[in-house]
Amino acid sequence: MSGPYRELLSVPGARPFVAAGFVGRMSMSMVGIGIVLLVSAVTGSYGIAGSVTATLSIAYAVGAPLSARYADRYGQRRVLVPLVLANTASFAVLIVFALAGLPVWTLFPAAAAAGLTQVSLGAWVRARWSHVLRDSPTRLHTAFSFESVVDEGIFVTGPLVVTALATGVHPAAGLGAAAACT
């Protein structure tokens, strides 16, 4: 790790929120392909799988700005804990519904609930950096550069992990791992 990043991680409290942000963001790169692999395995249809994934994505687009607004108003911790619990429960319901062979329509509200409660954790971590480094624009620039590198790493490794789990272990294992990361 280069000097500026090492210095950045020496900021008091940085390591815990960077580590939590890394693990939590992994799910963002995993859920789409995880749903496609699970739903296509149980229904035999990539069309249905894509539609369920699209439902999650649309719900995420609606929910993420709302959760960010609440985090700004009430603080990240007060908002994050209930969202993570609701998100994990929503993914568990989606997995159970898919594996139980319930009617296809039941997958859509479960995916919508998961999308509504999915957190845009990268933005939350950047907001935390902005607060912690508010008096140091140079270090803040370094922090944002670091976060870009982390994001790239996540979006390269996450799909590999979820695909390996879903195809090598069990169709639900990838999505389950994504929920666990959240």
- Note on the structure: Ala86 vs (1) open to solvent by 20 Å² or more (accessible area, probe 1.4 Å); (2) over 19 Å from Ile58 (Cβ atoms): all pass except (2)
- Looking across region 137-172 at residues that are hydrophobic (A, V, I, L, M, F, W, C) and over 22 Å from Leu121 (Cα atoms), the single one that is most open to solvent (accessible area, probe 1.4 Å) is Val169
- Item | Whichever residue in region 56-96 is farther than 23 Å from Val36 by Cα and among the polar types (S, T, N, Q) and, among such residues, is nearest to the chain's Cα centre (by Cα) | Ser67
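Could you please let me know if Leu66 is modelled with pLDDT of 90 or more, assigned to a helix (DSSP H, G or I) and open to solvent by 50 Å² or more (accessible area, probe 1.4 Å)?
Numbers: modelled with pLDDT of 90 or more: yes; assigned to a helix (DSSP H, G or I): yes; open to solvent by 50 Å² or more (accessible area, probe 1.4 Å): yes.
It is true that Leu66 is modelled with pLDDT of 90 or more, assigned to a helix (DSSP H, G or I) and open to solvent by 50 Å² or more (accessible area, probe 1.4 Å).
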- Item | Any pair with Cβ under 9 angstrom, 6 or more apart, that starts in region 125-142 at a residue that is free of Cβ contacts under 8 Å to residues at least 24 places away in the same chain and at positive phi and ends at one that is among the aromatic types (Phe, Trp, Tyr) and buried (at least 16 other Cβ atoms within 10 Å of the Cβ) | none
- Given (1) among the aliphatic types (A, V, I, L, M); (2) open to solvent by 40 Å² or more (accessible area, probe 1.4 Å); (3) closer than 24 Å to Val161 by Cα, index of the condition Val31 fails: (2)
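The values are calculated or read from the model by the stated rules, or taken from the named source; none is laboratory data. Everything numeric in this text was worked out from a predicted model, so none of it was measured. We place every Cβ from the backbone using ideal geometry, glycine too, and count neighbours over all the protein chains shown. Areas reflect the complete protein model, heavy atoms only, side chains present, ligands, DNA and RNA absent. Shrake-Rupley method; radii C 1.70, N 1.55, O 1.52, S 1.80 Å.
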